[in-house]
Amino acid sequence: MSGLSGLDRVVYGVEDMATSRKFFADWGLTLIRDEEDIIVFETLEKAQVVLRPMNAADLPAPIEDGPTIREVIWGADSQEDLDRFLAGIDGKVETFIGHDGMVRTIDPNGMTIGFQLTLRRDADVKGVPSNPYGMPLRVDLPAPVYERAIPTRLAHVVFFVSDLEAHREFYIEKLGFNITDEYPGRGFFSRCVKEGTHHNLFLLETPDKKKGVNHLSFGLRDIYEVMGGGIHFAKCGWDTQLGPGRHPISSAFFWYFFCPGGGLVEYYADEDYLTEKWQARKMAPSPEKYAEWAVADGIDPVTRRQKLRKVKV
Ligand SMILES: [Fe+2]
């Protein structure tokens, strides 16, 4: 058992602070610090997205060229949990203490990760349930139409890794994460808790073994917020990579956008919730497992219809 409870902070090294500030403000995060060389946003749960200039001397080394994620901080719910976790990794991984007193280590990809008493607090919001046949859960309550999204939490982070087996040993054997599902030889979904949402770390190895960020996912209240949030974000002028759509693995609804901080960001809702009874599945990756369905270029925020690709003739 890892003793960690989730993602507390992700630090980006970005090319243009102003563009990235606008991006994450439009995304729906709350700006809590705005200085020339550091901008801090938070989710409703008070998990943080931090922006730094990519050439800042005090940033951990990048794992790829260009703007990208430079550091990932995991939180534990109590000092006791944190102490137990740190005692559990003692002697298994090489740690160091940063200028802020936080214990950190470096994963096999070269990504700096840290551990702290969590900043997260339960958010005072609730999604609305659906009304499945024979089980009305939303009674006398219309489903909302969201004007925009306000992300509740940092759901998961996804990296391309150069050595999947080294990461399995590091995160599963040494740090005590639990594998939720896996594509043998290609990737695994893992969670730092036994009971909780489907994954908060997904690692993928591609044939070229290239390292880098794939995406950072933000948990929303419900599917309606994914739809309303995605339409609003498109209206702000940001480009869809893929979505809306649905992942069969994790069951969640998603909408991906290109991120100026590197990789993609994802609006995400209605993922599976698992306990220690969950049996990890092994399967071959396929486009159908990634997306049961998806809209390729997003929704046009004016017509509220699928964006139509311009076809050259
Ligand atoms: Fe995701």
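Computed from the coordinates by the stated procedures, all read-outs in this text should not be read as laboratory data. Computed from a predicted structure; not experimentally measured. Every residue, glycine among them, receives a Cβ derived from its backbone with ideal geometry; neighbour counts consider all protein chains shown.
So the values come out like this:
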| item | result |
| --- | --- |
| Dipole moment magnitude, nearest 20 debye, segment 59-153 about Cα centre, only Lys, Arg, Asp, Glu C-beta charged | 340 debye |
| C-alpha center-to-center spacing [segment 243-299, segment 158-236] in angstrom | 9 Å |
| Lysines with Cα under 22 Å of K126, excluding same-chain neighbours fewer than 8 positions away | K46 |
| Among beta bridges that DSSP assigns inside the chain, antiparallel share in %, nearest 5 | 70 percent |
| Global form of segment 200-313, assessed from the alpha-carbon gyration tensor, a/c cut-off 1.5 | prolate |
| Whole-Hz ³J(HN,Hα) from phi, Karplus 6.51 cos²θ - 1.76 cosθ + 1.60, for segment 262-278, glycine and proline x | x, x, 10, 10, 10, 8, 8, 7, 6, 7, 5, 10, 10, 10, 5, 6, 4 |
| Total formal charge among the other residues, if their Cβ is under 11 angstrom from that of V193, Lys/Arg +1 and Asp/Glu -1 | -2 |
| Ordering of 69-75, 172-178, 289-295, 101-107 by packing [mean C-beta count within 10 Å, highest first] | 69-75, 172-178, 101-107, 289-295 |
| Histogram of C-alpha separations across segment 19-118, 10 Å bin width, % | 13, 41, 34, 12, 0 |
| Calculated P(r) of segment 138-270 - Cα pairs past 27 Å, % | 25 percent |
| Counted charge near I113, where neighbours are those whose Cβ lies closer than 10 Å (Asp, Glu -1; Lys, Arg +1) | -1 |
| Mean projected area (nm²) of the alpha-carbon convex hull when segment 126-168 is viewed from all directions | 6.3 nm² |
| Under Karplus coefficients 6.51, -1.76 and 1.60, residue-wise ³J(HN,Hα) of segment 30-37 in Hz, glycine/proline x | 9, 6, 10, 8, 9, 10, 4, 10 |
| Kirkwood estimate for segment 77-162, i.e. one over the average of 1/r between Cα atoms, Å | 17.5 Å |
| Protection proxy ranking of 81-89, 214-222, 57-65 - average other beta-carbon atoms within 10 Å, highest first | 214-222, 81-89, 57-65 |
| Lys, Arg +1 and Asp, Glu -1 on Cβ, resulting dipole of the chain about Cα centre, debye, nearest 20 | 1020 debye |
| Ratio Rg/Rh, restricted to segment 28-87 and using Cα atoms, in which Rh is the Kirkwood radius | 1.05 |
| For V161, net neighbour charge (Lys/Arg +1, Asp/Glu -1) across residues whose Cβ lies under 14 Å away | -3 |
| Theoretical ellipticity at 222 nm over the chain - DSSP helices of four or more residues, -39500 (n - 2.57) apiece, nearest 500 | -4000 deg cm²/dmol |
| Antiparallel DSSP beta bridges within segment 1-87, as percent of all bridges there, nearest 5 | 75 percent |
| Reachable aspartates and glutamates, given that their alpha-carbon falls under 12 Å from the alpha-carbon of K277 and they are not under 8 places away in the same chain | E195 |
| For the chain, Kirkwood radius (reciprocal of mean inverse C-alpha pair distance, Å) | 20.2 Å |
| Debye equation applied to the C-alpha atoms of segment 126-209, log10 I(q)/I(0) at 0.12 Å⁻¹ | -0.55 |
| Highest-first arrangement of 17-27, 37-47, 135-145, where packing means the average Cβ count within 10 Å | 37-47, 17-27, 135-145 |
| Segment 168-313 - share of DSSP beta bridges that are antiparallel (%, nearest 5) | 75 percent |
| Rg to Rh, two decimals, where segment 80-222 supplies the alpha carbon set and Rh follows Kirkwood | 1.05 |
